[in-house]
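Step one of this worksheet: look at the structure below.
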Amino acid sequence: MNEYQTKSGYPVEYGAILMNGGVNFSIYSRDASKVTLCLFDSEYAKSPCAEINLDEKINKTGDIWHIFVENLKEGALYLYRIDGPYSPTQGLRFNYHKYLFDPYAKAFTLGSVFKAYNKQHQMGFETNAGGQLQDLSDFPKCVVTSDNFDWEGDKPLNYPLNKTIIYETHLKGFTASTTSEIPEELAGTYAGFTKKADYLKDLGITSVELLPVFEFDENENANINPRTGETLVNYWGYSTIGFFAPKTGYAHDKSPGGAVKEFKQMVKELHKKGIEVILDVVYNHTAEGNECGYTFEFRGIQNDVYYSLPQNDKQYYMNFSGCGNSVNCNHPVTTRFILDSLRYWVLQMHVDGFRFDLASILTRSPSGAPVPYDMPSLTAAISLDPILSKTKIIAEPWDCAGLYQLGGFPGGTLAGDNRWSEWNGRFRDDIRRFIRGDDNAVTAAATRIAGSSDCYNHSGRTPMASINFITAHDGFTLNDLVTYNYKHNDENGEENRDGSDDNLSYNNGFEGECTNPKIQAQRLRKIKNYLIYLFVSQGVPMMLGGDEMRRTQHGNNNAYCQDNEISWFDWTLAYKNASLIRFTKNLIAYRKAYSVFARTKFYSDEKDNSAAADIVWYDINAKNPDWEKQKRYLAFKLNANSDSPDEKDFFVATNTDIYDLTIKLPALAEGKNWHLVADTSLADPEDICDPEKEILLQEQRRYVLLSGATILLIGK
């Protein structure tokens, strides 16, 4: 064993902090009786090169254990062993035979928790605190990192929400395929992602929302692909291990700490292109699972603080996540941990925002009960945090135990403090029903187009609280939404039982890919309809990455385990469907050019339907609609209501019937005429005009709107 000189250390900042002359280690554990810092001389070492026992009299302040190790440098590797009571019924699961991660670790070496545990046959229910020490050659180690980095003056971009276009995508899958046309060694990495930044910039994207990049272990999935016989993985990453650490497997530089620098470089380069970075984060549960799961972090540090446990029998775990456990988010220690993590990613990694997975769990009390809307909680603390004050915070406002908080997500009640936006699942569902052609779907669609005031106006929020989306990672891609009636998850190893059965999709006459030109035309028309409504509706548009090029998962609506061509971008589609990319690009350009599409207040006169209203609804005769009779036709005019010559009026109309319609166009102010921006029934390049090159309509009073088509007109 190596010998190291130590000092008592400092309890002020958790984690492993580089300081002059060495490293300060600090970790919280209230009920630990013994804490040992384990140091390693190699990322593949089977055992520590040094074990340093912390003295409770010298190295403990309150509930914080700390020690300063002299002459230790950046890149040092470490784990912990912690002893204490093993009493599951009391919620305590200390086990000195388990090596533990530092919850504040900023990097991990490349390795697999689950392969290491399986190798040692340590899966299963822990009946006692015994066991043999592990062979750690496959086990990740925590890495001491430096915060030093040349940001060249970079700061988070923090675009206002009304100027934001979100593109949700998987970091690895974006460039993993050989079709990405980037150097093979960079495929699927942070460095590789930057190689495609110009594509995103050219499309008009302002913000990429990345599926989880916090350190996780893809090897936790033991299911077998029945077609190939291969073991499947956790591809999406909703099972966090390191809440301060970018995933090492996504780095080209996989040396200890290399992922941190590479992630920072990616953020800096994306910012140079004017693109924000929003992270999909998972603070609602961890990868340790339920009472039959693993011990490699929180469970062995202070189980009853970090997890929500039933008060009458604490050997079990409350499971609001559907993943075995739920983080005890509103315990003060855990609340601080989450805030520290968020602040780190903003201060040191320069990210611009967060999307919180199953965010309703963040609003549950330690007993599991929902926190009242007006009660201060973790979400209020996030909303009011001065470091996060300009950061985008987006909730997935539900959890797997049925707590559904759309429109009422608790984020504080002080004036202006509820900055939370929400994934609007009602927008997704109502627009899907409408474009699919369902009867009596028009009224609900109109409400979504107008910004979902029924959800947000009552709490004093604005349309910017609504993150509008048609598709997301969880579900069909936009191509598959018009290609499949049913999910086809046969390769997930769950006999097609996983994934939602309620997709509100329609295959347009044939299940799966086909060559029938009529069906193909119908599908493309509906894809364009969906895109128009995504970008003309009030709220913040979020599109699923690849929808603009008709990315397909071949009917798989739950590709969480498919780290392969099913999930990866096929960049040949960018050439095959270049016309749809152009269509999307132009829609985004119109969205960004005209504030009429991105209001920061709800329509004030939407009910009276007067000519001076901000939005006016019409029937096919350009009259006030009888909403009871509006079955498959929807039309509205957006009035600029501004003296600025740059602002224009727009008219949108959609016919979801099987018959063509001759509709009457609303009148414009004297001297103005309708010009065609887009008609989804037309083929490329007539389907959409380039900005400032709209086509004057010779007939200003009527328009033949074909079956299944949408038109977008501009008045000028």
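In table form, for the structure just shown:
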| item | result |
| --- | --- |
| Karplus (6.51, -1.76, 1.60) ³J(HN,Hα), θ = phi - 60°, over the stretch 553-562, in Hz, Gly and Pro reported as x | 10, 6, x, 7, 9, 8, 7, 4, 10, 10 |
| Charge dipole magnitude, Cβ of K and R +1, D and E -1 - the stretch 144-192, Cα centre, debye nearest 20 | 300 |
| Nearest-0.05 FRET efficiency for Arg701 and Thr231, computed from C-beta distance (R0 51 Å) | 0.20 |
| Within the stretch 174-326, percent of DSSP bridges classed antiparallel, to nearest 5 | 50 |
| In Hz, Karplus ³J(HN,Hα) per residue of the stretch 53-69 (6.51, -1.76, 1.60; θ = phi - 60°; x = Gly, Pro) | 7, 7, 8, 4, 6, 9, 10, 9, 10, x, 9, 10, 9, 8, 7, 10, 9 |
| Which listed pairs, of Lys268/Lys585; Lys264/Lys648; Lys196/Lys390, have C-alpha distances above 29 Å, in listed order | Lys264/Lys648 |
| The chain, accessible area per residue, ligands and nucleic acids excluded (1.4 Å, Å²) | 38 |
| Carbon and sulfur %, accessible surface of the stretch 581-716 computed with the full protein complex present, 1.4 Å | 49 |
| Sites Arg336 and Ser87, calculated FRET efficiency, Cβ-Cβ separation with R0 30 Å, nearest 0.05 | 0.75 |
| Anchor Lys629: lysines whose Cα lies under 20 Å away (excluding residues fewer than 8 positions away in-chain) | Lys607, Lys637, Lys664 |
| Filtered GluC sites (Glu not before Pro), the stretch 151-186: DSSP coil and at most 15 other beta carbons within 10 Å | Glu152, Glu181 |
| Surrounding net charge for Ile82, when Lys and Arg each add one and Asp and Glu each subtract one, Cβ distance under 13 Å | 0 |
| Lysine pairs with alpha-carbon atoms under 20 Å apart, the stretch 1-102, spacing 8 or more or separate chains | 8 |
| Cα shape, the chain, gyration tensor, a/c 1.5 rule | prolate |
| Around Ile67: net Lys/Arg minus Asp/Glu count, Cβ-Cβ under 14 Å | -1 |
| Fraction of antiparallel bridges per DSSP, the chain only, in percent to nearest 5 | 75 |
| Global geometry of the stretch 15-128, whether rounded, prolate or oblate, following the gyration tensor of its Cα atoms and the 1.5 cut on a/c | oblate |
| Size of electric dipole in the stretch 263-367: Cβ of Lys, Arg +1 and of Asp, Glu -1, about Cα centre, debye, nearest 20 | 380 |
| Lys/Arg +1, Asp/Glu -1 at C-beta; the chain dipole; positive extreme among Ser505, Phe108, Ile67 | Ser505 |
| Environment charge of Leu665, counting only residues whose C-beta is closer than 11 Å and scoring Lys/Arg +1, Asp/Glu -1 | +3 |
| Unit charges on C-beta of K, R, D, E only; dipole of the chain, Debye | 1160 |
| Dipole of the chain, positive direction: furthest Cα of Ile435, Ser177, Phe214, with charges on the beta-carbon | Ile435 |
| Using alpha carbons only: equivalent-ellipsoid semi-axes of the stretch 665-706, gyration tensor based, whole Å | 20, 14, 6 |
| Fraction of accessible area attributable to carbon and sulfur, the stretch 157-236 (%, probe 1.4 Å) | 46 |
| Span-like helix ranges in the chain, DSSP H, alpha carbon extent 15 angstrom or more, Kyte mean at least -1.0 | 258-272, 332-347, 517-536, 578-593 |
| Dipole of the chain [Lys/Arg +1, Asp/Glu -1 at C-beta], most positive-end residue of Ile58, Trp617, Ile532 | Trp617 |
| Modelled FRET efficiency - R0 30 Å, Glu494 with Cys514, Cβ distances, 0.05 increments | 0.65 |
| Where a label projected 7 Å from the Cα of Leu186 along Cα→Cβ would reach, residues of the stretch 213-253 with amide N under 15 Å | 251-253 |
| Prolate/oblate/rounded label for the stretch 242-387 (Cα gyration tensor, a/c 1.5) | oblate |
| Surface share of carbon and sulfur [accessible, 1.4 angstrom probe, percent] for the stretch 467-543 | 48 |
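The values are calculated or read from the model by the stated rules, or taken from the named source; none is laboratory data. What you see is a predicted model, and the numbers here were worked out from it, not measured in a lab. Cβ atoms come from the backbone with ideal geometry, glycine included; neighbour counts cover every protein chain shown. Surface areas here come from the heavy atoms of the whole protein model, side chains and all, with no ligands, DNA or RNA. Shrake-Rupley method; radii C 1.70, N 1.55, O 1.52, S 1.80 Å.
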